[in-house]
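A.B. asks: Once you've had a glance at the structure underneath, I'll fire off some questions.
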Amino acid sequence: MAEERPIRLLAALPPALMADLQVLMAELVPDNPHGIVLAGITYEGTTLEKDAEEREADVVLLSPELPGLNLEVINRLYHYPDRPILTIALVDPATDWAQTMEEAGAVGHLNRPLSREGIGRLARTARVSLLEAHRFRASDKYVPQLSPRVAAVVDRGGWMRQAITFWSPTGGVGKTTLATNVAAALGVMANKRVVLVDADMNKGNVHLLLNLPQEGKNIYSLATAFLQEGRMTTPMAQNHLVPYYVGRRPTGLRVLLGLPQQWMAARDPLAKEQGLRFFEALLNALRPAFDFVIVDAGQTYNNPVHYAALKGADHVYLVVNSTVTSLNDARQALRSLRDAGLVEGDRVRVVVNKYHPRHGIGRRDIQKALDEMPILQEVAMSEDEAATVALNAGEPLVLHDGKARTSRDLMTLAATLYPPLVEIRRLQGGRRRGFMRLFS
């Protein structure tokens with residue numbers, strides 16, 4: 001491997017931090033031992049992205065006090081098309097800016113006042129993080145975010161903000177897998193604002209598919225807070241959500257974790273009329289803050305939370321398999337839902353999961369079994385076990401293996417809600433460039 005070239009650093013500091021800037025300039029003289037070149041200085045947040053690109057920066061040393069700063073620029077720089085441009089924060093240790101900046105995507109932070117030792121730490125963090133970022137950029141697991149310009153071209157309308165409930169009266173048909181992958185496609189690949197609600201009162205498993213810890217706040221703790229306060233607000237609901245990251249990068253996806261224990265579904269916060277009021281209030285609180293609300297509801301439709309999820313959704317994606325038991329359960333459930341006034345117009349849309357023609361039940365058979373309800377989408381059975389491999393890896397299949405047939409079907413399903421996904425996927429196909437440019 002050729003000798004490593006110096007890292008190009010852009011200092012993005014306000015004039016008030018001139019003392020720190022002077023330490024930086026004194027240390028980063030030509031041929032300094034840190035292996036860093038000071039590529040430029042900027043004092044204005046509104047030009048930060050342009051300055052980083054024009055100065056060919058590899059790393060930005062960024063103060064949160066920079067005038068005009070929008071923290072979203074940290075993520076945009078990381079996804080700069082030619083190469084990742086990383087951010088390291090320079091913060092006052094008496095504040096909570098370090099956590100805020102790293103949650104926004106910074107790869108690390110330094111405390112003020114800046115010192116020679118701090119610049120040494122900066123060099124080590126930058127070198128390791130750049131190598132990691134370039135390797136990640138070249139891997140199949142990297143999911144870029146489109147630039148605002150490209151996103152504006154792709155996103156010409158043709159979609160609407162919606163709440164979607166994935167539901168089936170039969171267990172084991174894969175509704176949680178479908179809900180999680182659609183949420184990941186919308187919230188990670190399309191970078192829309194998406195919340196995935198694990199509302200399965202039989203004990204949810206969304207956290208397993210996303211490799212999220214089950215400890216902490218969840219749907220039960222939120223329902224308890226709602227019971228105690230007697231009201232639901234958008235900030236209150238958002239405070240119980242868990243952000244989803246790809247690597248160390250934030251995405252548009254948030255998750256309301258499900259029940260850690262099944263007995264909680266029978267307790268006061270989620271039972272009877274209280275459970276119904278809670279979930280109705282939850283949907284009303286989430287809708288203004290998100291482009292898509294994706295709900296994974298359990299199979300018993302007379303459970304108050306499940307009933308509210310079916311009633312309150314703009315569309316119900318009814319998940320069936322090409323088996324006689326699944327289709328028989330779905331037919332009976334549809335008739336009961338019609339009697340309850342929950343099936344009108346095209347609110348209910350049929351998704352056939354794990355479909356294979358060898359099962360002996362064709363598309364026409366499925367439609368006849370469901371009283372001529374049309375099929376929205378088929379998701380092929382994963383013969384190469386890609387779905388199981390992704391599950392065991394704790395990743396949605398659409399992110400784990402985009403080339404798998406099942407993954408492509410899941411992307412098509414997500415595109416029924418957000419058609420620009422088709423074009424986004426095409427644009428992301430030739431995304432990898434510049435791997436190891438810094439290290440060759």
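A.B. asks: Using a 10 angstrom cutoff on alpha carbons, build the Gaussian network for the chain and name the most mobile of Ala39, Ala12, Ala313.
C.D. replies: Checking each option, the largest mean-square fluctuation is seen for Ala39.
A.B. asks: Mind checking which of Ala271, Leu310, Pro260 is farthest towards the positive end of the range 158-428's charge dipole, using Cβ charges of +1 (Lys, Arg) and -1 (Asp, Glu) about the Cα centre?
C.D. replies: Farthest along the dipole direction, towards plus: Leu310.
A.B. asks: Another one. If packing is taken as the average number of other Cβ atoms within 10 Å across a peptide's residues, how do 355-368, 101-114, 186-199 rank, most packed first?
C.D. replies: Result, highest mean first: 186-199, 101-114, 355-368.
A.B. asks: Charges at C-beta only: +1 for Lys and Arg, -1 for Asp and Glu. How large is the resulting dipole of the chain about its Cα centre, in Debye rounded to 20? Provide the component values of the computation, followed by the final result.
C.D. replies: Details: 50 positive and 48 negative charges, 200 e Å.
With Lys and Arg at +1 and Asp and Glu at -1, about 960 debye.
A.B. asks: Out of the GluC sites (Glu not before Pro) in the range 31-101, which ones are loop residues according to DSSP with at most 14 other C-beta atoms within 10 Å? Don't skip to the answer; put the middle values down first.
C.D. replies: Values: sites: Glu44, Glu49, Glu53, Glu54, Glu56, Glu65, Glu72; in loops: Glu44, Glu56, Glu65.
For GluC sites (Glu not before Pro) across the range 31-101 that sit outside H, G, I, E and B with at most 14 neighbouring Cβ atoms in 10 Å, the list reads Glu44, Glu56.
A.B. asks: Something else now. For the range 158-428, what relative contact order do you get, as a whole percent, if you take Cα pairs closer than 8 Å and at least 6 residues apart?
C.D. replies: 27
A.B. asks: Here's a follow-up. What's the local net charge at Leu17, with K and R +1, D and E -1, over the other residues with C-beta under 13 Å away? Intermediate results must be reported in sequence, preceding the final value.
C.D. replies: Working: positive: Arg112; negative: Asp20, Glu65, Asp92.
After counting each charged neighbour, the total is -2.
A.B. asks: Next up: Using θ = phi - 60° and the Karplus curve 6.51 cos²θ - 1.76 cosθ + 1.60, what whole-Hz ³J(HN,Hα) does each residue of the range 400-411 get, with Gly and Pro shown as x?
C.D. replies: Running phi through 6.51 cos²θ - 1.76 cosθ + 1.60 with θ = phi - 60° gives 7, 8, x, 8, 5, 4, 4, 4, 5, 5, 5, 5 Hz.
A.B. asks: What relative contact order, as a whole-number percentage, does the range 7-138 give when Cα pairs under 8 Å and 6 or more residues apart are counted?
C.D. replies: Relative CO of the range 7-138 lands at 26 percent.
A.B. asks: Quick one: helix 219-229 against the long Cα principal axis of the chain, what's the angle to the nearest 10°, folded into 0 to 90?
C.D. replies: 90
A.B. asks: Taking only DSSP H segments of four or more residues, each worth -39500 (n - 2.57), what value at 222 nm results for the chain once the sum is divided by all its residues, to the nearest 500 deg cm²/dmol?
C.D. replies: Details: 18 runs with 170 residues, N = 440.
Using -39500 (n - 2.57) per qualifying helix, the result is -11000 deg cm²/dmol.
A.B. asks: Sort 203-214, 170-181 by the packing proxy (mean of other Cβ within 10 Å over each peptide's residues), most packed first. Walk me through the intermediate numbers first.
C.D. replies: On the way: 203-214: 17.8, 170-181: 22.6.
Order by mean packing, descending: 170-181, 203-214.
A.B. asks: Using every pair of alpha-carbon atoms in the range 158-428, split the distances into 5 Å bins beginning at 0 and state the percent of pairs per bin, rounded to integers.
C.D. replies: Calculated over all Cα pairs of the range 158-428, the distribution is 1, 6, 14, 18, 20, 17, 13, 7, 3, 1, 0 percent.
A.B. asks: Hey, can you grab everything whose amide H is under 5 Å from the amide H of Leu256? Only 5+ residues off in sequence or another chain; H modelled, so Pro and N-termini drop out.
C.D. replies: Amide H to amide H, under 5 Å and 5 or more residues apart or across chains, Leu256 pairs with Leu196, Val197, Asp198, Val242.
A.B. asks: Here's another thing I want to ask about it. Select from Gln377, Gln99, Gln22 the residue whose mean-square fluctuation is largest in a Gaussian network model of the chain (Cα-Cα springs shorter than 10 Å).
C.D. replies: Ranking Gln377, Gln99, Gln22 by mean-square fluctuation puts Gln22 first.
Taken together, the values in this text are just the output of simple stated rules run on the coordinates, not laboratory data. Please read these numbers as outputs of a predicted model, since none were measured by experiment. As a convention, Cβ positions derive from the backbone with ideal geometry for all residues, glycine included, and neighbour counts pool all protein chains shown.
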